[in-house]
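Written out below as structure tokens is the structure these notes cover.
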Amino acid sequence: MRRILLVLLFAAAPLVAAQKSVDIVIVHGTVLTMAGPNIDDGAVAIDHGAIVAVGPSSTIAKDYAGKQTINARGMAVLPGFVNTHTHAPMVLFRGIADDRDLMDWLQHYIFPAEAKNVTADFVKWGMRLAAAEMIRSGTTTFTDMYYFESDIAAEAKRAGLRAVVGETLIDFPAPDNKTWDGAVAYIRDFVKKWHGDPMITPALAPHAPYTVSKEHLLQVRALATELKVPILIHVSETRNELQQVAEKTSTTPGKYLDSLGFLGHDVVAAHGVWLTDDEIKIFAAKRVGVAHCPESNMMLASGAAPVVALRAGGVNVGLGTDGPAGSNNNLDMVEEMASAARLQKVSRNDPKALSARDVLEMATIAGARVLGLDDKIGTLEAGKRADVIIIDLQQPKSQPVYAVESAIVYAASGSSVVTTICDGKILMRGGKVLTVDVPAAVAKAKEYRNRVLKSLK
Ligand SMILES: [Zn+2]
């Protein structure tokens, strides 16, 4: 008997030895690779921050042994969400002045509140709270436009997130840089510090065509080309902006930027609500990416962006939450997907305008393309960085599941995300955020609320 057992063990040994040891194996999930058909009972093997294999659980389990194994039965496994436009530290202004026009909100509330409160400490704590919220709801890459971006980059990295961080340039004294030249000098140091970082892409963020002069826009364009960094800018967001730009330039914001030679593949235009057919053609030809922010556009009554025409015209369109204060007010990309689909349906009077699969693409691979990061992230494929999330579909609100895309977009929510992995590092497991001290960030947010209210009196 003992002899037989030994023979059996010996015979099994080569099979065990053939298994490659890797950091993490996720098994038994419905895998949405976003690069082809979904895999029922699929698995993903992760090692040294990269995806090494994706396939049926039976195959992957034969080839790979995880130092950690995550069982995703009854759950969806998909690429981490890519938020292509936000102002993350503004979480500390969440709810400060809602239900107003954009210009009223900016000029009477946000700009004064920022002038009085935004410091390196403010953005540090704001970013910490925002990081917890993003990790909690499955975002692994975000695109930021704010001040003190070097501090924001450091906090994002500390939380384990991937980020494109754009230092804001605007034609009035900003909280961090009181003059334009000061801001340009800051940007040179900031880019030098972060250039080549595997998780952080530094960027230039001129606020908008109506808040930055022609000379300054030309300077930003030249600087971005020189420093080889992307440009993030708000374009064609509201009717008021169209009016302001028309008064100054007699044309539309997109055409105006094109006339300056400003547009290129390295430009991410947020909103694009009022882009014309001609501008859509220009954006496609120049490979300008668009960050569509439906909840912001609804909240501020900016309008419904021509998402269907942009996509049909060959423009890369990603999704963004925009600021978490006054224009959303959260960083939940699942909610953003549902809003994107529903806004197109109602504005085009066509329930087929944008499907659950379309918005999942926008929140993952299309967003990665907008940021020029699609060679690294956006799909679950061997060779890409391991930005992977797991969404629990066992909860009452998402059962039963007939179509997984529909279950995620229309029935689940950000809080259905249970595991978030970025660059192979587990940032949240079983609903517990591991890289941010959440109670400390929440306590600090309450403290800042009182300080902000006092400053506005
Ligand atoms: Zn914005």
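Do we find a residue being acidic (Asp, Glu) and farther than 30 Å from PHE122 by Cα anywhere in segment 429-441?
Within segment 429-441, the first condition is being acidic (Asp, Glu), and the residues that meet it are 437.
Right, trim to farther than 30 Å from PHE122 by Cα and you get none.
Scanning segment 429-441, I find no residue that is acidic (Asp, Glu) and farther than 30 Å from PHE122 by Cα, so the answer is no.
When you check ILE377 against the structure, is it in a strand (DSSP E or B) and surrounded by 13 or more Cβ atoms within 10 Å (Cβ to Cβ), yes or no?
no
Out of the residues in segment 84-133 that are polar (S, T, N, Q) and over 22 Å from ALA291 (Cα atoms), which is nearest to the ligand (Cβ to nearest atom)? Write out each step before concluding.
From segment 84-133, those polar (S, T, N, Q) are 84, 86, 107, 117, 119; that's our starting set.
If we keep only those that are over 22 Å from ALA291 (Cα atoms) too, we end up with 107, 117, 119.
On the way: GLN107: 15, ASN117: 18, THR119: 21 Å.
Within segment 84-133, the match that is nearest to the ligand (Cβ to nearest atom) is GLN107.
Give segment 423-439 a look and list any residue that's closer than 15 Å to GLU155 by Cβ and open to solvent by 30 Å² or more (accessible area, probe 1.4 Å), or say none.
Scanning segment 423-439 gives THR435, ASP437, VAL438.
Please note which helices (runs of 4 or more DSSP H) are completely contained in segment 59-157 and include at least 3 residues that are within 26 Å of LEU427 (Cβ to Cβ), touching a residue at least 40 places away in the same chain (Cβ under 8 Å) and not polar (S, T, N, Q).
Hits in segment 59-157: 120-136.
Could you check how many residues of segment 226-241 are part of a helix (DSSP H, G or I) and either in contact with a helix residue (DSSP H, G or I) (Cβ under 7 Å, 6 or more places away or on another chain) or within 16 Å of the ligand (Cβ to nearest atom) (or both)?
So in segment 226-241, the residues part of a helix (DSSP H, G or I) come out as 226-227, 239-241.
Applying the additional criterion that residues be either in contact with a helix residue (DSSP H, G or I) (Cβ under 7 Å, 6 or more places away or on another chain) or within 16 Å of the ligand (Cβ to nearest atom) (or both) yields 227, 240-241.
Residues meeting the conditions: 3.
If a residue must be more than 18 Å from LYS345 (Cβ to Cβ) and touching a helix residue (DSSP H, G or I) at 6+ places or on another chain (Cβ under 6 Å), how many such residues does segment 291-315 contain?
Total satisfying the criteria: 4.
Which residues, counting only those in segment 138-154, are more than 14 Å from the ligand (Cβ to nearest atom), crowded, with 24+ Cβ neighbours inside 10 Å and more than 15 Å from CYS422 (Cα to Cα)? Working first, answer last.
If we filter segment 138-154 for residues that are more than 14 Å from the ligand (Cβ to nearest atom), which is where we start, we get 138-141, 148-154.
With the extra rule that they be crowded, with 24+ Cβ neighbours inside 10 Å, the set shrinks to 138-141, 148-149, 152-153.
Passing the criteria: PHE148, GLU149, ILE152, ALA153.
The values are calculated or read from the model by the stated rules, or taken from the named source; none is laboratory data. Keep in mind the model is a prediction, meaning the values are calculated, not measured. Positions of Cβ are generated from backbone atoms using ideal geometry, with glycine treated the same way; all protein chains shown enter the neighbour counts. Heavy atoms of the whole protein, side chains included, go into the accessibility calculation; ligands, DNA and RNA do not. Shrake-Rupley method; radii C 1.70, N 1.55, O 1.52, S 1.80 Å.
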